[in-house]
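Student: What follows is a single structure, and I will ask about it in a moment.
The values are calculated or read from the model by the stated rules, or taken from the named source; none is laboratory data. Predicted, not measured: the structure shown is a model, and the values here were computed from it. Please note: Cβ atoms are built from the backbone with ideal geometry, for glycine as well, and neighbour counts cover all protein chains shown. Surface accessibility is based on the protein's heavy atoms, side chains included, excluding ligands, DNA and RNA. Shrake-Rupley method; radii C 1.70, N 1.55, O 1.52, S 1.80 Å.
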Amino acid sequence: SLGAQAVREGLDITALSGDEVLRTGTPPRLLDDCAGLVSRPGPSGPGVTRTVAQTVPHASMVIVVTGSIPKAAELRRSALHVPAGVRTAIIVVSLGHELRMQTLGRLSVAHLGDLTDLPRLVSRLVSP
């Protein structure tokens, strides 16, 4: 949803799943690639943000979506691999949890428990 909306708005995005680059030319292409994703071993924690930094070195914002397993310290360590000055948002998806977000400097960590809260989360992330 986040990526498809960004593409609709004409933003230049790069979408990754592990080390795989997804097609982002149109919302349907991106959603088709997302529909074909399967869980497989790959980079996790700091490895994910390291891959993003290497694949998209000129990113202005990085959004990482994860499940509820990583601890807060691991999430913060992950953000250290994103180049200085790049805004980083980590969205922790945990079914049934209340929407909350904490921002410290260039890092925002959000907890999303219900997909219906996604529009509110996005508006919080994009507000200055």
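Student: So residue 86 fits all but one of (1) more than 27 Å from residue 10 (Cα to Cα); (2) in contact with a helix residue (DSSP H, G or I) (Cβ under 9 Å, 6 or more places away or on another chain); (3) of a type in the set (A, V, I, L, M); what number is the exception?
Tutor: With (1) more than 27 Å from residue 10 (Cα to Cα); (2) in contact with a helix residue (DSSP H, G or I) (Cβ under 9 Å, 6 or more places away or on another chain); (3) of a type in the set (A, V, I, L, M) applied to residue 86, the lone miss is (1).
Student: I would also like to ask the following. Considering each residue of the stretch 76-128, count those that are among the charged types (D, E, K, R) and touching a Lys or Arg at 6+ places or on another chain (Cβ under 8 Å), and give that number. Show your work before the answer.
Tutor: Going residue by residue through the stretch 76-128, those that are among the charged types (D, E, K, R) are 76-77, 87, 98, 100, 106, 114, 117, 120, 124.
From the residues that got through so far, the ones that are touching a Lys or Arg at 6+ places or on another chain (Cβ under 8 Å) too are 87, 106.
So the count comes out to 2.
Student: If you scan the stretch 1-44, which residues turn out to be β-branched (Val, Ile, Thr) and either modelled with pLDDT of 85 or more or touching a His at 6+ places or on another chain (Cβ under 9 Å) (or both)?
Tutor: Going through the stretch 1-44, the residues β-branched (Val, Ile, Thr) turn out to be 7, 13-14, 21, 24, 26, 38.
Listed by number, the residues that qualify are 7, 13, 14, 21, 24, 26.
Student: Of everything in the stretch 107-121, what is surrounded by 15 or more Cβ atoms within 10 Å (Cβ to Cβ) and over 14 Å from the mean Cα position of the chain (by Cα)? Give them in sequence order.
Tutor: Residues of the stretch 107-121 that are surrounded by 15 or more Cβ atoms within 10 Å (Cβ to Cβ), as a first pass: 107-113, 117-118, 121.
Hits for the stretch 107-121 are 113, 117.
Student: If we only count helices (runs of 4 or more DSSP H) wholly inside the stretch 1-98, which ones have 2 or more residues that are closer than 20 Å to residue 123 by Cα and open to solvent by less than 70 Å² (accessible area, probe 1.4 Å)? Reasoning before the result, please.
Tutor: Details: elements: 2-8, 27-35, 46-55, 72-79.
Ranges flagged: 2-8.
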